[in-house]
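Q: Below: one structure in structure tokens.
The values are calculated or read from the model by the stated rules, or taken from the named source; none is laboratory data. Quick caveat: nothing in here was measured; it's all calculated off a predicted structure. Glycine gets a Cβ as well: all are built from the backbone with ideal geometry, and neighbour counts include every protein chain shown. These accessible areas exclude ligands, DNA and RNA; they are computed on the full protein's heavy atoms, side chains included. Shrake-Rupley method; radii C 1.70, N 1.55, O 1.52, S 1.80 Å.
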Amino acid sequence: MSLLDKYDKVSLRHQRLLSFGRDPFNICMDRIVSATEAVINGRDVILVGTNNYLGLTFDPDCVAATADAVTREGTGTTGSRIANGTYASHRGLEQAIAGFLGRHAAMVFPTGYQANLGILAGLAGPEDTILLDADSHASIYDGCRLSGAKLVRFRHNSPEDLDKRLSRLSGGTGGTLVVVEGIYSMLGDQAPLGEFADVKRRHGVELLVDEAHSLGVFGDRGRGVVESAGVEEDVDYVVGTFSKSLGAVGGFGASDHPGFERLRYTSRPYMFTASSSPSTIATAMAALEKIQARPELRQQLWQNARTLYDGLKDLGFTICAETSAIIALKMPSEAAAVYMWNALMEAGVYVNLALPPGTPDGSSLLRCSLSAAHTPAQVQRICEIFGSCLEALKAWQATQSAAE
Ligand code: PMP
């Protein structure tokens, strides 16, 4: 028996998916045209699933800063942060992130995934307990496992369940950390941070919020849901990524805790990997300046999100959460989701297809993410295409039930 034989069932499911047309998990952008357009398989496609919330990937200042950095500092650092991989630009970005978030210190990681590994496994050890929301991102689960801490899952977005589980903890000697996300990536639903902060305060534990999908999107200054919910004081650690609103690659952790910098010589995912290239750091730095200098990008994003939300609702789709930059449509079955996803691609719209077990409640989703760079005409066109694909889906479903 080969080690890979255990994936036979997964492969069968993949084959079934392919019978609908395209491979939704192996899309290749032949040419990227702009923040919202690409050529895929020879077809012009509007991108509505890239998490490019502020549309900064082609911002001329960000592009110029990136090109300038590679010319001045080279293509890579060829070393880890604790060896030869810390440049003034890494330090500068860490200070800029800390300043932006109003925090004492920040640490930069090569990806958001690694930021969660590094911060969680750095903070918690086998003697500690982490309570995490059941719908947490894979990087949070993996960071928790790497930490070796005792793990307790609480019901998604339920401060009551968290409260109950904290009350049941036997008073060990270790610390206790609660982990939630500002906005959940699959459904786009928001954590009730005010209530979580109450629970955290009552139990005297620490709180970490992953703002991957909310940084630059929520809050008057773009500091995330922690800012819009008015709980910055109660949040001990913020984690985020550069790969969404900042249009770069990387991640960070930030905190006011006086001992936070100890993670620089205790967190293995921070210490034992090469640092981000100078160009990546420069992109994130330039984009962070844009977030602060151009609040109108955030307004445009919200305008686009509201228009698409209303349009899809009028068409009769079941939308999983309140309006946000993520609009997830719950489809009646996996087959309907896959059919519709293929129809959308055929008509020139790319969204994310999300299927169980990667989704909450085993639902099959079409996940849209809006960008400030979408034009009103594009949003209009996206709505129209959703409308015509829905008609095609209904006709297909009718043929399916007639055949049964
Ligand atoms: N946290 C959350 C909540 C995420 O959704 C993601 C990415 N989708 C990450 C962390 C990881 O970020 P990155 O892509 O930068 O590794």
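Q: First measure r as the distance between the Cβ atoms of Asp220 and Glu346, then evaluate 1/(1 + (r/R0)^6) with R0 = 56 Å and state the FRET efficiency to the nearest 0.05.
A: Efficiency for this residue pair is about 0.85.
Q: When the Karplus curve 6.51 cos²θ - 1.76 cosθ + 1.60 is applied with θ = phi - 60°, which whole-Hz ³J(HN,Hα) does each residue of segment 15-22 get, with x for Gly and Pro?
A: With coefficients 6.51, -1.76 and 1.60, one gets 4, 4, 4, 5, 5, 7, x, 8 Hz.
Q: Here is a follow-up. Could you work out how much longer the chain between Gln95 and Gln397 gets when fully extended? Use 0.36 nm per residue separation minus the Cα distance between them, nm to one decimal.
A: In short, 103.2 nm is gained.
Q: Which far-off residues, 5 or more places away or on another chain, put their amide H under 5 Å from the one on Gly219, with H placed in the peptide plane?
A: For Gly219, whose amide H was placed from the backbone, the distant partners under 5 Å are Gly224, Ser228.
Q: Now for a different question. Taking segment 7-84 on its own, what percent of its Cα-Cα pair distances exceed 18 Å?
A: 65
Q: Right, next: Please work out the ratio of the alpha-carbon Rg of the chain to 2.2 N^0.38 Å and round it to two decimals.
A: 1.01
Q: Please compute the contact order of segment 58-293 in relative form: average sequence separation of alpha-carbon pairs under 8 Å and at least six residues apart, divided by the residue count, as a percent.
A: 30
Q: Another question, then. Can you compute the equivalent ellipsoid semi-axes for segment 232-286, i.e. the square root of 5 times each eigenvalue of the Cα gyration tensor, sorted largest first and rounded to whole Å?
A: 21, 17, 8
Q: Sorted by mean Cβ packing within 10 Å, highest first, what order do the peptides 121-130, 90-99 take?
A: 121-130, 90-99
Q: Using only Cα atoms, locate the centre of segment 244-322 and the centre of segment 105-138, then give the distance between them in Å, rounded to an integer.
A: If you average the Cα positions of each part, the centres end up 16 Å apart.
Q: List, largest first, the extents of the alpha carbons of segment 88-152 along their principal axes, each in whole Å.
A: 37, 21, 19
Q: What FRET efficiency do you get for Asp44 and Asp198 if R0 is 60 Å and r is their Cβ-Cβ distance, rounded to the nearest 0.05?
A: 0.75
Q: While we're on this one: Looking only at Pro269, Pro258, Pro376, which one moves most when the chain is put into a Gaussian network model with springs between Cα atoms under 10 Å?
A: With Cα springs under 10 Å in the chain, the top fluctuation among Pro269, Pro258, Pro376 is at Pro258.
Q: Which one, Met340, Met29, Met107, has the greatest fluctuation when you compute a Gaussian network model over the chain with C-alpha springs under 10 angstrom?
A: Looking only at Met340, Met29, Met107, the largest GNM fluctuation is found for Met29.
Q: Would you mind calculating the gained length between Ile27 and Leu151 on full extension (0.36 nm times residue separation, minus the Cα-Cα distance), in nm to one decimal?
A: Result: 41.1 nm gained on full extension.
Q: Whole Å is fine, so just give me how far the alpha carbon centre of segment 190-231 lies from that of segment 348-404.
A: After rounding, the separation between the Cα centres reads 31 Å.
Q: Tell me, what % of the accessible area of segment 58-293 is carbon and sulfur with a 1.4 angstrom probe?
A: Accessible surface attributable to carbon and sulfur in segment 58-293 totals 51 percent.
Q: From the mean inverse distance of alpha carbon pairs (Kirkwood) and the Cα radius of gyration, derive Rg over Rh for segment 191-255.
A: Radius of gyration relative to Kirkwood radius: 0.99.
Q: Something else: Over the chain, give the accessible area per residue in Å² for a 1.4 Å probe, as an integer.
A: On a per-residue basis, the chain sits at 44 Å².
Q: Here's a follow-up. Can you give the FRET efficiency to the nearest 0.05 for Asp310 and Lys6, using r as the Cβ-Cβ distance and R₀ = 56 Å?
A: That pair, Asp310 with Lys6, gives E of 0.80.
Q: Treating the beta-carbon of each Lys and Arg as +1 and of each Asp and Glu as -1, no other charges, what is the dipole magnitude of segment 58-293 about its Cα centre, to the nearest 20 debye?
A: Rounded to the nearest 20 debye, it is 660 debye.
Q: Roughly how many nanometres apart are two label points built 7 Å out from the Cα toward the Cβ at Arg168 and Ala88?
A: Placing both labels 7 Å beyond Cα along the Cβ direction yields 5.5 nm.
Q: Name the residue from Pro376, Leu297, Phe196 whose Cα lies farthest towards the positive end of the charge dipole of the chain, charges +1 on Cβ of Lys and Arg and -1 on Cβ of Asp and Glu.
A: Toward the positive end, the furthest listed residue is Phe196.
Q: Moving on. Semi-axes of the equivalent ellipsoid of segment 55-129: what are they in whole Å, largest first, if each equals the square root of 5 times a C-alpha gyration tensor eigenvalue?
A: The three semi-axes for segment 55-129 are 27, 16, 12 Å.
Q: Among Val217, Val379, Val239, which one shows the highest mean-square fluctuation when the chain is modelled as a Gaussian network with alpha-carbon springs under 10 Å?
A: Judging by the Gaussian network model, the answer is Val379.
Q: If you don't mind, there's one more thing I want to ask. Suppose we keep just the alpha-carbon trace of segment 58-293; what are its Rg and Dmax in angstrom?
A: Rg and Dmax of segment 58-293, Cα atoms, are 17.4, 57 Å.
Q: Once you've got the Cα coordinates, tell me which of Lys9/Lys330; Lys9/Lys394; Lys164/Lys290; Lys164/Lys330 are over 32 Å apart.
A: Where the Cα-Cα span goes over 32 Å, the pairs concerned are Lys164/Lys290.
Q: For the chain, calculate the relative contact order in percent as a whole number, restricting contacts to Cα pairs under 8 Å that are 6 or more residues apart.
A: RCO, the chain: 22 percent.
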